[in-house]
Amino acid sequence: MDRQAAVCFGCHQEQRAENSRPFHHPVEGNLMNCASCHSPHGSANDFELRRVSLNDTCYTCHAEKRGPYLWEHAPVTEDCSNCHVPHGSSQPALLAMRAPLLCQQCHSQAGHPSLAYGPGSLPGAGQPSAYLVAGSCLNCHSQVHGSNHPSGSKLTR
Amino acid sequence: MTGNDCVGGTSWRPALWLVLLASLPAEGAQVDTSGWECNFCPFEDGQLASEVEAGSLYADGVSAKFGEFDGISEDGGYLVLDGSTGERHENGSFWRITAKDLGLDNRSLGAVAGREGLWQADLGYVASPHNVFDTTVTPFVAGTDSSLTLPAGWVRAGNTQLMTALDSSLRAYDLETTRERWSLGGKFNGASGWRTNLRYTHETRDGRRLLGSSFITTSSQLAGPVDFVTDQVDWSAQYKTARGTVGFSYFGSFFSNERKELVWANPFTAIAPGADQGQSALAPDNNYNQLALKLSYELGPAWRVNLNGTLGRAKQDESFLPYTVNPLITTTALPRTSLGGDVDIRHVDLQLSGDLGAQIAWLEGLRGKLSYRYYERDNGTPQADYSYVEGDTFPGGLATSLPYGYRRQKLSLTGEYDLARLLWPGSGHPFRLSGGWDREEWDRTFQEIENSTEDRGWVRLRLNPLSWLAFDARYGAANRETDPYGTGPPGSAPQNPLMRKFNLADRERDFWDLGVQLSLPGNVSVSLGGFERQDDYINSSLGLTRSRDIGGTADLSWTISGKISAFAFYGHQEISSSQSGSQSFGSPDWEARSLDQFDSASIGIRLDELNDRWNVKFDYFLVDGHGDIEMRSGGAAAFPPLRTRSHGPSLEVEYRATPAFDVIATLRYEHFDAHDWALDGVEPDTLPSILTSGADAFDYDANLIGLSFRYRFGGDAGAAPAADPEE
């Protein structure tokens, strides 16, 4: 464990437990540590973040997501933690929930966004559903952080 | 892996001094420190002190997950190569060069020089991989021009199972990216109260990421290229007087993507003429410039005001790609040739804090803070109508771009009072009561609601009833109310009118945290913690309706003797949620209930300087994740559990053969297995309409064994290596 993370986790045990989840940021490596995002000696920002908002903090390392994009995804522009859990998750890509359920917490359009995809749609249980497995919604809508393609309004391009 | 713990030209000595200062008797009694001697950080005093460690690691049974962030993802040998050299003088001047993990993909090099308290300059390089999957396959062939083609002899078909050349065309690739970051920085402390910092970083990120490639009814998981370059500049200057500080700063971020687009061949039979290839736009270049002002001023002996103001502008003006690469579709002219994207960030934070008791005698011991925060994302990107093409296949319709913006304001009031002054004055055992209230208001554009307001209140007790016992408890509640829910901006795909997006919905939230710390006889310290957060979306019948996050941790550390210590940690967390949907585009007719449970445990033993020769570290960890999802639509049906389990021991033994020469042996075993219904049994041709990557959930038993030798020369080579403060 990174020396700095070890010091922080001495008090922040909830974050210590979250960091042991299968998907987490590389605080044990040489690239980043807790102070990459937080100012341990004080900050005027929420959670003592180094930048003025959560998104601005994330863009420090994920600058490609800053945009602005032609087709933006509204919750992305507001708060990365609408979908991601920064200190560790059991879901890939630090997601808060599995797709398609994560997406269906906001999308209820008629047709495939509204359908219930249960275990009967898994391989071996019947006809596997393209809306459920592999990348789920991202099998097609892979530009969830925004698209700059003139035909990308549905975040597929 | 170096024994010297100097980082960035500074050691952990300041932390040691802070600890020593904090331990001084409060009444100002004089402590005779003349006989004190630091046993952990011998001072080099002008002598060149160097250290080099070399050896090898051998890995067996590893996978991308095992080496996710260090690159030990292939079986075989790896070089261990670390080192440092430098000197430090009595006048505070120093320089040091360090190298870490040079034999791994996760490697770093750094050089730093300066004079303590006056100036410092540093130069650094770090590389860091992110290995995602090593079981991915694809039939596509990458070109040099951001294109993916299909191999000769490829047979297009309407579904994957009829692609007769698929099996013979698949080739393996690793889904991974690597960052390489160079940095140059410096800081200078002027004699007249000025201080300035400057840092420049240049980072490249190369590799592949999964990218969907839809042709409306079919799609493929592609290995999309990642070829990013980001330059960043951070500069700040601060002037400090006896009563305040004023500071300015600039932050600039300049992102460029060497790959602007990806063109790929359609492996399926085109469902419309000309839809034989598709094109996606990759992340566009962008830049961000930000200026900030920081003021802090003491209004008197007990009051302080702080002001932070920030102005930033993000710009993106990448040239647009055409609507389609399908030559048989006639398109209209684009309304613009590039976005002209322009977002202004405005942020103000104003705080007034002080000791009310300094002004009003009967309020002695009461401290308070009033703060106001304003954050605005003012999106000035021009709107336009785009006659889009659906998946390079059919003419679509007209879509209007929606440059989302929002304004967020927050007013907070907090206070703290030491109840011990009333309850048991002079006891020396604090009993702090604190509380706070805040109101946060959001105003948004182009969304279902324009305004939401959330009130939040909390109360906290911190109590040290005994010298060896401390409690910390907090409870709070919040209530968010929103405008009447609308239908969204004109032209957007209609949602079920009962849907309430969780970030825009009325919500009641309860939360509590609890912590207990005990310092027990025998040098045992125990820390217990618990928390719960529960959200009820009280007016949501579709979408997320309820979520709950509850957990607890226990941490024990035991200093058995001056040379032997042990620790144990356990954490448990449960995250549950309920959400509803409607297949009939009417009332809710299905519900999903999820429960994500996670346990983590670790134990460790440290033997330090046994017989002045042996250092031993032993750790064992266990993590167990279990995710259950139950769908209720008529009857109830449960998904197979999402499981991730890993555990294993690690042992590091360090033997000091001579005062300057150490032998280090490491041994590590890790078992990892996962069950993931989104990946298990999903081969490239499992889904008729999606050509998938075939990635598998991880399952491995990895062994890592290492032997290295460390040699110290110059300086006080025979001294014990500086202790690692993390231990």
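The values are calculated or read from the model by the stated rules, or taken from the named source; none is laboratory data. These numbers were taken from a predicted model, which means no experiment stands behind them. As a convention, Cβ positions derive from the backbone with ideal geometry for all residues, glycine included, and neighbour counts pool all protein chains shown. Areas reflect the complete protein model, heavy atoms only, side chains present, ligands, DNA and RNA absent. Shrake-Rupley method; radii C 1.70, N 1.55, O 1.52, S 1.80 Å.
When you look at B:SER108, is it more than 26 Å from B:PHE661 (Cβ to Cβ), surrounded by 15 or more Cβ atoms within 10 Å (Cβ to Cβ), of a type in the set (Gly, Ala, Ser) and at pLDDT 95 or above, yes or no?
Working: more than 26 Å from B:PHE661 (Cβ to Cβ): no; surrounded by 15 or more Cβ atoms within 10 Å (Cβ to Cβ): yes; of a type in the set (Gly, Ala, Ser): yes; at pLDDT 95 or above: yes.
So B:SER108 fails the test.
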Of the residues in segment B:159-183, those that are touching a Pro at 6+ places or on another chain (Cβ under 8 Å) and outside any strand (DSSP E or B) come to B:ASN159, B:THR160, B:GLN161, B:MET163, B:ALA165, B:LEU166, B:SER169, B:LEU170
Within segment B:582-623, considering residues that are part of a strand (DSSP E or B) and among the basic types (Lys, Arg), the one most open to solvent (accessible area, probe 1.4 Å): B:ARG593
Residues (surrounded by fewer than 23 Cβ atoms within 10 Å (Cβ to Cβ) and either basic (Lys, Arg) or away from chain A (no Cβ under 12 Å) (or both)) located in segment B:64-78: B:SER73, B:GLU74, B:ASP75, B:GLY76, B:GLY77, B:TYR78
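Which one of B:ALA265, B:ALA281 is farther than 30 Å from B:ASP349 by Cβ and either at the interface with chain A (Cβ under 9 Å from one of its Cβ atoms) or without any contact (Cβ under 8 Å) to a residue 12 or more places away in the chain (or both)?
On the way: B:ALA265 fails: either at the interface with chain A (Cβ under 9 Å from one of its Cβ atoms) or without any contact (Cβ under 8 Å) to a residue 12 or more places away in the chain (or both).
It is B:ALA281.
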Residues of segment B:106-132 being in contact (Cβ under 8 Å) with a residue 60 or more places away in the chain and not in a strand (DSSP E or B), which ones? B:GLU116, B:GLY117, B:LEU118
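Is at least one residue of segment B:605-620 touching a residue at least 24 places away in the same chain (Cβ under 8 Å) and within 12 Å of chain A (Cβ to nearest Cβ)?
Here is the first cut: in segment B:605-620, the residues touching a residue at least 24 places away in the same chain (Cβ under 8 Å) are B:605-610, B:612-620.
This time we only want the ones that are within 12 Å of chain A (Cβ to nearest Cβ), so: B:617, B:619.
Yes.
Do you know which of the residues in segment A:120-140 that are more than 7 Å from chain B (Cβ to nearest Cβ) and in contact (Cβ under 8 Å) with a residue 24 or more places away in the chain is most open to solvent (accessible area, probe 1.4 Å)? It would help to see each step written out before you state the result.
The first filter runs over segment A:120-140 and keeps only residues more than 7 Å from chain B (Cβ to nearest Cβ), leaving A:121, A:125-127, A:129, A:131-132, A:137.
Cutting the leftovers down to in contact (Cβ under 8 Å) with a residue 24 or more places away in the chain gives us A:131-132, A:137.
Numbers: A:TYR131: 101, A:LEU132: 3, A:CYS137: 37 Å².
This residue is A:TYR131.
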Could you identify the single residue in B:ARG179, B:ARG205, B:ARG171, B:ARG156 that is without any contact (Cβ under 8 Å) to a residue 40 or more places away in the chain, of a type in the set (D, E, K, R) and either touching an Asp or Glu at 6+ places or on another chain (Cβ under 9 Å) or within 12 Å of chain A (Cβ to nearest Cβ) (or both)? B:ARG205
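Specify the residue that is farthest from A:ASN82 (Cα to Cα); the eligible residues are those in segment A:108-119 that are assigned to a helix (DSSP H, G or I) and more than 7 Å from chain B (Cβ to nearest Cβ).
In this case the residue turns out to be A:HIS112.
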Please count how many residues of segment B:456-468 are open to solvent by less than 50 Å² (accessible area, probe 1.4 Å) and within 33 Å of the chain's Cα centre (by Cα). 2
Counting only residues in segment B:523-535 that are open to solvent by less than 50 Å² (accessible area, probe 1.4 Å) and more than 27 Å from the chain's Cα centre (by Cα), the one farthest from the other protein chains (Cβ to nearest Cβ) is identified as B:VAL524
Given (1) without any contact (Cβ under 8 Å) to a residue 12 or more places away in the chain; (2) buried (at least 21 other Cβ atoms within 10 Å of the Cβ); (3) over 30 Å from B:GLN517 (Cα atoms), where does A:GLY111 come up short, assuming only one miss? (2)
Select the strands (runs of 3 or more DSSP E) contained entirely in segment B:184-267, then report the ones holding at least 2 residues which are under 30 Å from A:GLY111 (Cα atoms). B:194-212, B:219-240, B:261-265
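Quick check: is even one residue across segment B:70-81 assigned to a loop (DSSP other than H, G, I, E, B), under 21 Å from the mean Cα position of the chain (by Cα) and modelled with pLDDT under 95? Break it down into steps so the answer makes sense when it comes.
From segment B:70-81, those assigned to a loop (DSSP other than H, G, I, E, B) are B:70-75; that's our starting set.
With under 21 Å from the mean Cα position of the chain (by Cα) added as a condition, the list becomes B:70-71.
Next, from what is left, pick out any that are modelled with pLDDT under 95: B:70-71.
There is at least one residue in segment B:70-81 that is assigned to a loop (DSSP other than H, G, I, E, B), under 21 Å from the mean Cα position of the chain (by Cα) and modelled with pLDDT under 95.
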Restricted to segment B:474-497, and to residues that are modelled with pLDDT of 95 or more and of a type in the set (A, V, I, L, M), which residue is surrounded by the most Cβ atoms within 10 Å (Cβ to Cβ)? B:ALA478
Assess whether B:THR85 counts as being within 14 Å of another protein chain (Cβ to nearest Cβ), open to solvent by less than 60 Å² (accessible area, probe 1.4 Å) and part of a strand (DSSP E or B). no
From the list B:THR98, B:THR144, B:THR149, B:THR135, exactly one residue is without any contact (Cβ under 8 Å) to a residue 60 or more places away in the chain, open to solvent by 30 Å² or more (accessible area, probe 1.4 Å) and among the hydroxyl-bearing types (Ser, Thr, Tyr). Which is it? B:THR144
When you go through B:ASP696, B:ASP680 one by one, which is the residue that is touching a Ser or Thr at 6+ places or on another chain (Cβ under 6 Å) and in a loop (DSSP other than H, G, I, E, B)? B:ASP696
